[in-house]
Amino acid sequence: MKTPLFISPGQGRHYSMGRMSAVFKADGAETQLGYSISEWWLEPNTRGPGPHAHADDHVFYIIDGTISVQIAEQWTQAAPRSYVVIPGGTLHDFENRGATRAGFISINVPGGFEGKMPYIVQALTEHPVGDVT
């Protein structure tokens, strides 16, 4: 049974990936794998994870700074309050090309993306994201 949630600022499951971090606010455990919601932050001039695709749909909502988002072969600048919808299976990437910290909310449908986080943290620890050039 799903139950109501209230997550205060700073609460959630934290994942540090060097110059990038994520906090999962709700995931499969709370939503019966219906969706996951996470908050992502990138330091200034920080590359993202690199082009990738996965089966779940993404919705990004930009909360601060500007996030450069790649969908297929096209890059777009997403300012605060922008929505970005990335259908499952679509090649995508994101990075912060700006001089200030930038963040976004990511909603993944269905849930379960959080199960990939230990692998993502390990991969980005072994191969840290670099500066945007």
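For the reader, a short list of remarks on this structure follows.
- Search result, residues across the range 8-18 that are out of contact with any helix residue (DSSP H, G or I) (no Cβ under 9 Å at 6 or more places or on another chain) and either within 14 Å of Pro128 (Cβ to Cβ) or in a loop (DSSP other than H, G, I, E, B) (or both): Ser8, Pro9, Gly10, Gln11, Gly12
- Scanning the range 41-64 for residues being within 22 Å of His14 (Cα to Cα) and over 14 Å from the mean Cα position of the chain (by Cα) gives a total of 2.
- Filtered residue count, the range 11-37, keeping only those that are free of Cβ contacts under 8 Å to residues at least 12 places away in the same chain and not aliphatic (A, V, I, L, M): 1
- Any hit, the range 94-115, residues being hydrophobic (A, V, I, L, M, F, W, C), buried (at least 16 other Cβ atoms within 10 Å of the Cβ) and farther than 26 Å from Leu5 by Cα: yes
- Filter result for the condition that a residue is surrounded by 17 or more Cβ atoms within 10 Å (Cβ to Cβ) and either outside any strand (DSSP E or B) or at pLDDT below 95 (or both), over Glu30, Glu39: Glu30
Quick grid of which residues meet (1) modelled with pLDDT of 95 or more; (2) among the hydrophobic types (A, V, I, L, M, F, W, C); (3) under 22 Å from Lys25 (Cα atoms):
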site: Gln74; (1), (2), (3): yes, no, no
site: Val84; (1), (2), (3): yes, yes, yes
site: His92; (1), (2), (3): yes, no, no
site: Ala99; (1), (2), (3): yes, yes, no
site: Ile105; (1), (2), (3): yes, yes, yes
site: Gly112; (1), (2), (3): no, no, yes
site: Pro118; (1), (2), (3): no, no, yes
site: Leu124; (1), (2), (3): no, yes, yes
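The values are calculated or read from the model by the stated rules, or taken from the named source; none is laboratory data. Values in this document were obtained by computation on a predicted structure and should not be read as measured data. All Cβ positions, glycine included, derive from the backbone under ideal geometry; neighbour counts span all protein chains shown.
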